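Sharing a structure here in structure tokens format.
The values are calculated or read from the model by the stated rules, or taken from the named source; none is laboratory data. As the structure is a prediction and not an experimental result, all values here were calculated from the model. Using ideal geometry, Cβ is built from the backbone for each residue, glycine included, and neighbour counts are taken over all protein chains shown. Surface accessibility is based on the protein's heavy atoms, side chains included, excluding ligands, DNA and RNA. Shrake-Rupley method; radii C 1.70, N 1.55, O 1.52, S 1.80 Å.
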Amino acid sequence: MKKYIAEMIGTMVLVLMGCGAAVFAGAAQPFPNVGTLGVAFAFGLAVVSMAYAIGGISGCHINPAITLGLLVAKKINGKDAGMYMIFQVIGAIIGSAILYVLAKDSGSTTTLTGANDYTEVLPAFVAETVFTFIFLLVVLGSTSKKAPAGFAGLAIGLALVLIHIVCIPITGTSVNPARSIGPALFQGGTALAHLWLFIVAPFLGAVIAAFVWNAITTESEK
């Protein structure tokens, strides 16, 4: 149970900090504008900080797509994978609830929760699938046996920064179903109607990455 709670807390922090940057400082007035780069670093730094905070307890997945990818790659068992995903979604909902309370009377002129959305289905689906694929390869590679010890959290966080820089204009960047579910529940509207894409595409990208990783590595390298 300790590792499940750690996943819940880590996902809560990711949503609160990453989506919070988008709500309060992404582009809205009267708040300071940090822009796309600032929001990208907020998500990446949240992952880095949580990797070193709870990584030793749960591995710091804080993302159902990562958990699914590691399940397919046989790095986690089915029971733990299912419980991780449940607690990640709970954490995302808690983080979104806190953010909604903070933002609803703040004067923010954009989304109150940092929910993901898109205008065209195909570019959004391709982006979320491909970028999740890349993200999972970084996760699998940086946590493999031959990777430099102690740097996985930094590599994964910086990869997420890079992905956000490119993907924010397309979908707001999910690559994480829990990160999309929590905000969409509070945002409603098209964010909720389009939520399916931010579940299906990241899961698809994660599964592809796991199969590719298994194909290009040996047991001694995994």
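Identify, from the list 209, 159, 191, 184, the residue that is modelled with pLDDT under 95 and of a type outside the set (S, T, N, Q).
Result: 191 is the single residue among 209, 159, 191, 184 that is modelled with pLDDT under 95 and of a type outside the set (S, T, N, Q).
Restricting to the stretch 1-55, name every residue that is at pLDDT 95 or above, among the β-branched types (Val, Ile, Thr) and open to solvent by 10 Å² or more (accessible area, probe 1.4 Å).
Passing the criteria: 5, 9, 13, 47, 48, 54.
Six or more apart or on different chains, Cβ atoms under 8 Å: show the pairs whose first residue is in the stretch 165-190 and without any contact (Cβ under 8 Å) to a residue 60 or more places away in the chain and whose second is surrounded by fewer than 24 Cβ atoms within 10 Å (Cβ to Cβ) and of a type in the set (D, E, K, R).
Qualifying pairs under 8 Å: 171/117.
Given 103, 127, 81, 65, which one is free of Cβ contacts under 8 Å to residues at least 24 places away in the same chain and open to solvent by less than 30 Å² (accessible area, probe 1.4 Å)?
Just one listed residue meets the conditions, 81.
Can I ask one more? Give me a count of the residues in the stretch 180-199 that are closer than 21 Å to residue 43 by Cβ and either part of a helix (DSSP H, G or I) or open to solvent by 40 Å² or more (accessible area, probe 1.4 Å) (or both).
Number satisfying all stated conditions: 13.
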